[in-house]
Ligand code: FAD
């Protein structure tokens, strides 16, 4: 596997073990059928508990059954999962960084005990409801609202593009608390509550091996103890997104690496004009550029892990890495697809699937444009979001 400047030579034994375990799991259990799942628009749900047993959901958290592995180990895990498919990494990212993380960081003791072990084991599935039909890049405009009464809260509103909502047991729903100056609060909403609907979105041409849906909230009653007590305002959802985007910055490298390895192999095997296409300078140029861009993205991901480990990671660092590494994967998956000729447009090979997936990854968790504005704000001190 491509590791041109030997970044993985410095991994400790736990990090190697996690990388190798994830790689083996993906190769044996998921890779053989992932093309079919992509074609059929399905996710291998039977693997959700197995992924839990293997420790794939938020192993970088401490306590409640999570082993508190290093940020490098967590990143390597995301890289290996996304080398198979962005849908697989999305499953682990949402469950770990967008559902377990907020409960771990902002939940009550009772919430942590009730949900973290079950989510970590894959015995329950969670989803994260922030995006709304009219509020995507600007989630602070959200219209979902919570009204307080004597028994707790009543939630109304709708969320869309929610990964795993149709199969989720619990949704972390972000809503404005009408009784408290419209402050954004996080609510743990069990999906079997009256008034909750979770329709599946079926028309996707990207991230097909992932279940995506809506969350409808129609007079949904939740008790006060379902509110995440430890956070108020947009810091709540945004801090979760920083965790998930960190995983994406690593994951995108995995997708690009898989495209590179597929193209490198194909260039050796495929013969035209009396020999392998890999002997042509044009094909070598493509491989050299892919390897270089992947290596640069790997360097950024490894640096992010160091900063996160020592507590110096800023959301803007993550914006730069998410923006760069996903763009890189989007561009390089197209080059790999091209190198495979006609075979490159089929599900028999991974590049076109990764290429299609990257359209989602480029869009969710802050679009490429929005991360550009985050960086522009950080570099100039002038926010350009509302102009
Ligand atoms: P819009 O915000 O309408 O943007 C449209 C275009 O305008 C984009 O190109 C954008 O970059 C551009 N734009 C917007 N504002 C500006 C500006 N100020 N300056 C310049 N350009 C701008 N959300 C969740 O809450 N939970 C999930 O689990 C989840 N999973 C998802 C899974 C999939 C498959 C997809 C596709 C999306 C998912 N999302 C999820 C939603 C995702 O985060 C949003 O799609 C994303 O934030 C963009 O919002 P939007 O689609 O409404 O696009």
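Since every read-out is calculated from the coordinates, none of them should be taken as a lab result. The model shown is predicted, which means the values in this text are computed figures rather than measured ones. Every residue, glycine among them, receives a Cβ derived from its backbone with ideal geometry; neighbour counts consider all protein chains shown.
Quick rundown of the values:
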item	result
Relative contact order (percent, whole number), the chain, Cα cutoff 8 Å, 6+ residue spacing	18 percent
Contact order normalised by residue count of region 235-380, Cα under 8 Å, 6+ apart, percent	33 percent
Which of 248, 345, 382, 370 has the fewest Cβ neighbours within 10 Å, and the rest in rising order	382, 345, 370, 248
Length released on extending from residue 219 to residue 285, taking residue separation times 0.36 nm less the Cα-Cα span	17.9 nm
Top of 251, 87, 366 by mean-square fluctuation, Gaussian network on the chain, Cα under 10 Å	366
Relative counts (whole %) of C-alpha pair distances in the chain, using bins that are 10 Å wide	5, 24, 33, 24, 10, 3, 1, 0, 0
Rg(Cα)/(2.2 N^0.38 Å) for region 122-184, N = residue count	1.18
Whole-number Å³ per residue for the convex hull built on Cα positions in region 251-376	100 Å³
Share, in percent, of DSSP beta bridges within region 126-226 that are antiparallel, nearest 5	80 percent
Beta bridge orientation in the chain: antiparallel %, DSSP, nearest 5	85 percent
Computed [θ] at 222 nm, helices only, for the chain once each DSSP H run of length n ≥ 4 contributes -39500 (n - 2.57)	-15500 deg cm²/dmol
Cα-based Kirkwood hydrodynamic radius, region 61-161, one decimal, Å	15.6 Å
Length-normalised contact order of region 127-206 in % [C-alpha pairs under 8 Å, at least 6 apart]	29 percent
Sorted by Cβ neighbour density within 10 Å, fewest at the top, the residues 337, 279, 23	279, 23, 337
Span per principal axis, largest first, for the Cα atoms of region 1-96 (Å)	40, 37, 19
For region 126-226, the spread of Cα positions along each principal axis, largest first, Å	44, 28, 17
Packing-based order for 138-147, 265-274, using average beta carbon neighbours within 10 Å, highest first	138-147, 265-274
